[in-house]
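J.: Supplied in structure tokens, the structure appears directly below.
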Amino acid sequence: MTCTRLLDELVQGGLIYDSGIGESSGGRKPLMYVIKPDPYYVIGVEITNLYTTVLLLDLNLDIVDVEKLRMDSQCTGEYTLNFVSRCAEELISKHNIQREKLLGMGIGVLDPIDIVTGAIRKPNLFPAGGWDNLNIVDYLQQKNHTHVFIENGTNLAALAEYRKNYWKQTDNLVFVSSDMGIRCGTILQGRLVRTNMEMDDAMGHMVVDLHGRRCSCGSYGCLQAYSSLPAIRNEVVRRLKRGHVSYLQDKVNDVEDIDFHHILHALEQEDPLCLEVVKDAAYYFGIGLSNLIFLLRPDIVVCGGTLVPKPLFYEEVSETAQNRLMHYPKSHVQIIKSTAAYNIVSQGAGCMVLDYFTEEILP
């Protein structure tokens, strides 16, 4: 009866509609419902030290419109949140959406969050200051007068991939990402596995070479020291100092000025040095991913992050991991590139808003 009441309230609220009778799996044929995508909308946001992304989403989590901010030295905490707030208002105005049709705003961040204060705990990697003790939730609630929720971005990416693309295929999925840090989110038996927020980057500290590079955590051989964007940048700089030739030499006066945006652009130009460094990083990422698969045994692994749209990175990761899984020939784990690598966290952030309202309906 609880499910029936919930469905009735969603129908009366105009959020879903009856789509007819479905196929029987052995018993009575089920009554099917479909989400009506356009009676309400949500804002999904991802904040990283590379880009801030603001999406206008319908109730299917499909992207209606998008705004992005490249993070640089002017992007203080207040500046960035003002950008998010302004974009939210401009997007609903641009698409002639009544203010009361906006259900709320979800925020995904890749840095550890203090859920109580709504602040990023270690914002030192941002290119500008003003993030310390900044309550993101309160700030945006006061600016936009709507519900605001915040969560770990990798968890949100896993949630969005599962709900949008894979819920019919499996209830066991892992989302992995290589950006400033290396992280994973896990869906087990159809539910998001939440962990201690202090350990959201634990995958990055999986050891892939016991006698390898020193990691920022103090240990040696962590995946973070090989496959994260800072590790890739450091290796590019190291090789340039040793005399290797690169497209980047004409783009900066001092090799220490090279940043992640320079390297991403060099990859687009097929710079041999950057391609080689990224391929090595992808190899180690594939090693770490195979270890993760051995432990969690998912049916599907979705690869996301800044480098995944670059074919070289994804292909090397997938090949390396699958080669290490050949010991188990009956294991058919699918390793799939994220279909929305640059926006999937923001789409997952929209899930939080929808979950809030469906949970509120439950008695």
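The values are calculated or read from the model by the stated rules, or taken from the named source; none is laboratory data. Remember, it's a predicted structure, so these values are computed and weren't measured experimentally. Methodologically, a virtual Cβ is constructed for each residue, glycine included, from the backbone with ideal geometry; neighbour enumeration extends over all protein chains shown. Remember, those area values only see protein heavy atoms, side chains included, never the ligands or the DNA or RNA. Shrake-Rupley method; radii C 1.70, N 1.55, O 1.52, S 1.80 Å.
J.: Output the number of residues of region 176-233 satisfying the condition of being open to solvent by less than 30 Å² (accessible area, probe 1.4 Å), touching a Gly at 6+ places or on another chain (Cβ under 9 Å), touching a residue at least 24 places away in the same chain (Cβ under 8 Å) and more than 20 Å from I293 (Cα to Cα).
T.: 1
J.: Return the total of residues in region 268-283 being buried (at least 22 other Cβ atoms within 10 Å of the Cβ) and either at pLDDT 95 or above or of a type in the set (V, I, T) (or both).
T.: Number of matching residues: 4.
J.: Say we look at region 55-77 and pick out the residues that are of a type in the set (D, E) and surrounded by fewer than 16 Cβ atoms within 10 Å (Cβ to Cβ); which of these is nearest to the chain's Cα centre (by Cα)?
T.: Among them, the one singled out is D62.
J.: Which of the numbered conditions does G118 fail, given that it passes all the others? Conditions: (1) open to solvent by 50 Å² or more (accessible area, probe 1.4 Å); (2) more than 30 Å from S290 (Cβ to Cβ).
T.: (1)
J.: Right, here's the next one. I need the full set of residues from region 297-336 which are assigned to a helix (DSSP H, G or I) and not aromatic (F, W, Y), in order please.
T.: If the condition is that a residue be assigned to a helix (DSSP H, G or I) and not aromatic (F, W, Y), then P311, L312, E315, E316, V317, S318, E319, T320, A321, Q322, N323, R324 are the ones that fit.
J.: Any residue in region 149-162 that's touching a residue at least 40 places away in the same chain (Cβ under 8 Å): show its pairings with residues that are open to solvent by less than 10 Å² (accessible area, probe 1.4 Å) and of a type in the set (F, W, Y) at Cβ separation under 8 Å, as long as the two are six or more apart or on different chains.
T.: Here the result reads T154/F175; A157/F175; A158/F175; E161/F175, each pair linking region 149-162 to a residue that is open to solvent by less than 10 Å² (accessible area, probe 1.4 Å) and of a type in the set (F, W, Y).
J.: Report every pair of residues separated by at least 6 positions or lying on different chains whose Cβ atoms are under 9 Å apart, first residue within region 244-255 and touching a residue at least 24 places away in the same chain (Cβ under 8 Å), second in a loop (DSSP other than H, G, I, E, B).
T.: So the pair list comes out as S246/D271; Y247/Q269; Y247/E270; Y247/D271; L248/I258; L248/D271.
J.: Being open to solvent by 10 Å² or more (accessible area, probe 1.4 Å), under 30 Å from L69 (Cα atoms), touching a residue at least 60 places away in the same chain (Cβ under 8 Å) and not aromatic (F, W, Y): is that true of H265 here?
T.: Here the answer is no, as H265 does not meet what is asked.
J.: Is it the case that region 137-149 has a residue that's of a type in the set (F, W, Y), open to solvent by 10 Å² or more (accessible area, probe 1.4 Å) and more than 22 Å from F294 (Cα to Cα)?
T.: Among the residues of region 137-149, at least one is of a type in the set (F, W, Y), open to solvent by 10 Å² or more (accessible area, probe 1.4 Å) and more than 22 Å from F294 (Cα to Cα), which makes the answer yes.
J.: Just to be sure I understand, how many residues within region 141-173 are over 28 Å from D259 (Cβ atoms) and over 12 Å from the mean Cα position of the chain (by Cα)?
T.: Going through region 141-173 one residue at a time, the tally reaches 21.
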